[in-house]
Every structure is written in structure tokens, then in C-alpha cells.
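Engineer: This is the structure, below, for whatever I ask next.
Read-outs: derived from the displayed coordinates by stated rules, not from any lab. Keep in mind it's a predicted model, so treat the numbers as computed, not measured. Note that each Cβ is placed from the backbone with ideal geometry, even for glycine, and that neighbours are counted across all protein chains shown.
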Ligand SMILES: Cc1cc2nc3c(=O)[nH]c(=O)nc-3n(C[C@H](O)[C@H](O)[C@H](O)COP(=O)(O)OP(=O)(O)OC[C@H]3O[C@@H](n4cnc5c(N)ncnc54)[C@H](O)[C@@H]3O)c2cc1C
């Protein structure tokens, strides 16, 4: 860790692992510091899978970022020789005039993305595991799918190391000083210097506070639930990822079963406001499980009746 690095990356989750890799690949002398183990389940980048989609209902401005992300995931897969992305599509269902369906159609139209607009009967005939109520619409985005999230972090870390980055686990950065030459980063028993700093600490706000930055970062506790699968919810049988806008309960999403993990569902909207990114408590998980189950059983009945097999907390 001696000498002056070109860049220090604090936090090696989904974002920091990618930053360390791309900086090192570009020729920078990189030091990456992570407070926990490399690839852990205490932040925001665990839980087996993530949905990746282009036609963001949230806003069309996300789409160029997604285009770039798809290209980079493909390049990373080729570099590490491992499959990280499974293209299964995403079925998005909601009230015809709701934010999800309207948002997807707007992003798709602005950026020329292929989506299929399905009426309820057509959608249910094609995807037997889902219920699309009258008055709702279903939009299928085919160029979407799932990413293996821990595998993706691991792949970035391995590729960063191969490109020369030094990555150190078990180092909690406690102080950062900025001077005319760059930054000095301190932790219990050590320090390092660099010309540039990338703070990739996700929902953990400590380093930002140490820099005197008071950004409006608000950690939200989320829980992911896995259910035993039925054939119509298997990725290999053609089940897409799914996202439902429920008129009363908000937006829920799910991923098909694959690699021995059951169908995963979670709430996209909302979350429990946390003082710090810690694991949300049991009562809150039970509440979320009930809410998820109630909302999803209306849209994917076979899955909704089953009992939850596993759950994991995550901070966003
Ligand atoms: C339940 C859930 C489901 C999600 N689903 C999706 C999805 O389907 N599709 C999608 O696109 N996105 C999804 N997201 C969002 C996405 O997963 C996150 O945005 C992403 O993983 C965040 O990565 P990160 O590196 O910012 O945070 P993290 O993975 O939390 O990484 C931050 C790292 O910084 C480290 N750190 C913090 N402070 C210090 C310090 N002082 N010193 C050293 N290290 C430190 C932490 O230990 C941690 O490893 C989901 C998020 C959650 C929580």
C-alpha cells in the first residue's frame, strides 16, 4: 500500500469493484479498500440475482446508461470467460395508465427499444404463471434479463487484480484528508495516499461525512424473498423476470428460478428508512413478507400460495 497511488477506491461492492477494474484497466495504479470481506452479504450487492432492463419506466434518461452497461457486462463476460447475464426478458404489468406501463412505453419510444405491448389475455396465454387483470396492460421487454450479482462483483474484482489493482479486505476507512497533492486515507493502523479518490460506499455514509459532504443519502432496508418454484417460473422454461405495479401496494418485482434458487420477489418501491445500513429486524421482515405475498399472489398465483423458503435483507 506504499507510495502514491493514482486512485484509491473505498468500498468494493457492485460499484467499487467495477470502478477498481476500469481504473486499473485504463493504466491507473489502484488501491481498493473494503471494510468487510470481498464479496459479502452486508451491503447492497448480494442475493444471487438482479434484474437488468433498458426501457426504464423511471425515466428515459437512464436508457443511455443502460446501453453502456450492457456493452460493458458483455465485455466483462468475455474477459473472465464466465456467464453473468441471462437474457430472459422482463414482463411489466400495471394499470394501463399507471407509471410502469406508461413509463416503459415512453422510454422505449424515445430510444427505439423493442417492447411488445400485450393485452391481458395474450399475456396470460404466453406466460401461464401470471395474472393480468382487466384494465391492466403487460409490456414485454425482450432485451432484458438477470445478472448474477455476487458473480459479477467477483468477476470485476478478479479482472481488477489481473489489471494490477491492489485490493484489500477488512479495512474500514475512518478519515479522509484532501490537500493540494490529492488525498490521504486513514484507517485503524494504516494510511495510504492517492491523487484521486472514488467513494463507492453505497448506502454507508461515513466516508462522505468524513469528507464534510452532507449528501441526502437515506439508507432503505429491503428484503428479498425466495419461494419454491413451479415449472412456469423457471428461467430455463422461458419465464421472464417480472415487475408489477399494484394500485394499492406499490411496485413489486421478481426473478425466475435458476441455479437452484427459487423464484425471488421483493418490493421495488418503498422500504424501511434506516439510521444506518444494518440488517432490518424480524418484525419488519414479517411485515414485508406479508405485503409481498399479498401483492404477488394476485399476479402470480401459484407462487403466491407457497411459503417463503429463504429471505435476505439488503440496504439500498
Ligand atoms: C434488495 C435489493 C434489490 C435490488 N435489485 C436490483 C435489481 O434487480 N436491479 C438493479 O439494477 N439494481 C438492483 N438493486 C440495486 C443494486 O443492487 C445496488 O445499487 C448496487 O448493488 C449498489 O452497489 P454499491 O457498490 O453502491 O453498494 P454496496 O454493494 O453496498 O457496496 C458498498 C461497499 O462499501 C463498503 N464500505 C462502506 N463504507 C466503507 C468504509 N468506511 N471503508 C471501507 N469500505 C466501506 C461496504 O462494506 C460495501 O461493500 C437492488 C438493491 C437491493 C438492496
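Engineer: Say whether the condition of being more than 26 Å from residue 18 (Cβ to Cβ), more than 14 Å from the ligand (Cβ to nearest atom), surrounded by fewer than 17 Cβ atoms within 10 Å (Cβ to Cβ) and in contact (Cβ under 8 Å) with a residue 40 or more places away in the chain is met by at least one residue in the stretch 117-124.
Structural biologist: Checking the stretch 117-124: not a single residue is more than 26 Å from residue 18 (Cβ to Cβ), more than 14 Å from the ligand (Cβ to nearest atom), surrounded by fewer than 17 Cβ atoms within 10 Å (Cβ to Cβ) and in contact (Cβ under 8 Å) with a residue 40 or more places away in the chain.
Engineer: Further, regarding this structure: Of the residues 155, 194, 151, which single one is within 18 Å of residue 42 (Cα to Cα) and more than 12 Å from the ligand (Cβ to nearest atom)?
Structural biologist: Values: 155 fails: within 18 Å of residue 42 (Cα to Cα); 194 fails: within 18 Å of residue 42 (Cα to Cα).
Exactly one residue qualifies, and that residue is 151.
Engineer: Taking residue 208 as meeting all but one of (1) more than 17 Å from the chain's Cα centre (by Cα); (2) away from the ligand (no atom under 12 Å from the Cβ), write down the number of the exception.
Structural biologist: Here residue 208 meets the rest and fails (2).
Engineer: Sort out which residues of the stretch 77-116 are surrounded by 20 or more Cβ atoms within 10 Å (Cβ to Cβ) and farther than 22 Å from residue 265 by Cα, and write them in order of number.
Structural biologist: 107, 108, 113, 115
Engineer: Can you pull out every residue in the stretch 233-269 that is out of contact with any helix residue (DSSP H, G or I) (no Cβ under 9 Å at 6 or more places or on another chain), farther than 14 Å from residue 91 by Cβ and away from the ligand (no atom under 14 Å from the Cβ)?
Structural biologist: Once the filter is applied, which keeps residues that are out of contact with any helix residue (DSSP H, G or I) (no Cβ under 9 Å at 6 or more places or on another chain), farther than 14 Å from residue 91 by Cβ and away from the ligand (no atom under 14 Å from the Cβ), the stretch 233-269 yields 234, 236, 247, 260.
Engineer: Select from the stretch 37-72 the residues that are more than 16 Å from the chain's Cα centre (by Cα), surrounded by fewer than 17 Cβ atoms within 10 Å (Cβ to Cβ) and under 13 Å from residue 106 (Cβ atoms) and list them in ascending order.
Structural biologist: Within the stretch 37-72, 59, 61 meet the criteria.
Engineer: Select, from 164, 145, the only residue that is within 14 Å of the ligand (Cβ to nearest atom) and over 22 Å from residue 42 (Cβ atoms).
Structural biologist: Residue meeting the stated conditions: 145.
Engineer: Here's another thing I want to ask about it. Taking the conditions exactly as written (crowded, with 20+ Cβ neighbours inside 10 Å and farther than 22 Å from residue 253 by Cβ), does residue 165 satisfy them or not?
Structural biologist: Yes: the conditions hold for residue 165.
Engineer: Listed residues 23, 33; which is more than 18 Å from the chain's Cα centre (by Cα), surrounded by 19 or more Cβ atoms within 10 Å (Cβ to Cβ) and within 8 Å of the ligand (Cβ to nearest atom)? Quick ask: steps written out before the conclusion?
Structural biologist: Working: 23 fails: within 8 Å of the ligand (Cβ to nearest atom).
Of 23, 33, the one residue that is more than 18 Å from the chain's Cα centre (by Cα), surrounded by 19 or more Cβ atoms within 10 Å (Cβ to Cβ) and within 8 Å of the ligand (Cβ to nearest atom) is 33.
Engineer: Of all residues being within 12 Å of the ligand (Cβ to nearest atom) and out of contact with any helix residue (DSSP H, G or I) (no Cβ under 9 Å at 6 or more places or on another chain) in the stretch 1-18, which is farthest from residue 174 (Cα to Cα)? Just the residue, please.
Structural biologist: 15
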